[in-house]
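Read-outs: derived from the displayed coordinates by stated rules, not from any lab. Quick caveat, the model's predicted, so the values are computed rather than measured. FYI the Cβ positions are ideal-geometry reconstructions off the backbone, even for glycines, and counts take in every protein chain you see.
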Amino acid sequence: MGDQTPMLTTVTDVRRLTPRMARITVASAELRRFAYDGPDQLVRIFLPNGRVDELTLPVTTNWWPELSSMPEATRPVVRNYTVRRLDRTQGELDIDFVLHGSGASAGPGSSFAEHVQPGDQLGVLSDGADYLPPVDTDWVLLVGDESALPAIAAILEQVPEGLPVVTLLEVEDAADEVELALPATWVHRGPGVRNLRVLAALRSLEFPAGTPYVWAAGESGLATGVRRHLVNDRGIAKDRIYFCGYWRCDAAEPAES
């Protein structure tokens, strides 16, 4: 990733997967050099800041200082998301966005996804991946909310045949469910407090025998709650657990989706 520079892409397709998730496809010949490290591959996106029509990107591998020194009027907004699909041959990339409306509290990613049209521009930069089960893994546990759904969906598509996987996903209601490569347990939180129902479902699970590898991501309280339960109540070693708080309930929007 060290030799990567932000790539300017053009939006070619926008479609709603659910009432609260949109898939945006971008294209560019530059995507043939996009570094892909694993199914939960992160991508930094560079969004127009709403003040100027043209999207200006950093042009060097030392892009962060360059970005910071750009005039505020032209500096793009940067957020982290998850790659849903990469086709280097065709020069295409899919990114799924959780939608929170387009008001002041929605955040720039959601607002962009609500209004984007084919022909609009988006900057992207590969930012690494973390899903890496050890070779002695007997089964995999995946836990997340809708912000982790793109990564979990991609992970399930790449699970080796015969490796047991237990998947718990929290969404608002049945309308937010999507088709996955392997079965999952969907937990509907409704309009209530996040994380309570998915953590309760996790506590009630009977785990398969053997040594697990755990991947948990989503709202910060969900990720830390999963890890706390698994370490304190299930005796799972910390080094068998990857967890990441993609966003916080008191923040404007997910940092990643």
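Near the amide H of Asp120, within less than 5 Å, lie the amide hydrogens of Val11, all on another chain or at least 5 residues away, with H placed in the peptide plane.
Each peptide in 197-210, 216-229 receives the mean, over its residues, of other Cβ atoms within 10 Å, and ordering these scores from highest gives 216-229, 197-210.
Which order do the peptides 138-146, 236-244 take when ranked by the mean count of other beta-carbon atoms within 10 Å per residue, highest first?
Averaged packing, sorted descending, gives the order 138-146, 236-244.
In this simple spin-label approximation, Val77 and Asp173 carry label points 7 Å from Cα along the Cα→Cβ vector, and these lie 2.7 nm apart.
With the cut-off at 1.5 for a/c, could you classify region 123-189 from its C-alpha gyration tensor as rounded, prolate or oblate? In terms of gyration-tensor shape, oblate. Here the extension length gained between Asp136 and Tyr36 equals 33.6 nm, from 0.36 nm per residue of separation less the Cα-Cα distance.
Taking the empirical scaling 2.2 N^0.38 Å for compact globular proteins as reference, the chain has a Cα radius of gyration ratio of 1.02.
Per-residue 3J(HN,Hα) values for region 223-234, derived from phi via the Karplus relation 6.51 cos²θ - 1.76 cosθ + 1.60 with θ = phi - 60°, read 4, 6, x, 4, 4, 4, 5, 5, 6, 7, 9, 10 Hz in sequence order (x marks Gly and Pro). Between region 61-128 and region 197-252, the C-alpha centres lie 28 angstrom from each other. Both the radius of gyration and Dmax for region 7-127 are 13.8, 38 Å, in that order, over alpha-carbon atoms.
Expressed to the nearest 5 percent, the antiparallel share of DSSP beta bridges inside the chain is 60 percent.
Note down the relative contact order for the chain as a percent, whole number, built from C-alpha pairs under 8 angstrom at least six residues apart. Computed over the chain, the figure is 21 percent.
Report summary: the helix-based calculation at 222 nm, which adds -39500 (n - 2.57) for every DSSP H run with n ≥ 4 and divides by the residues of the chain, gives -5000 deg cm²/dmol. Distant-in-sequence amide contacts of Tyr131, defined by a placed amide H-H separation under 5 Å and a gap of 5 or more residues or a different chain, comprise Asp40.
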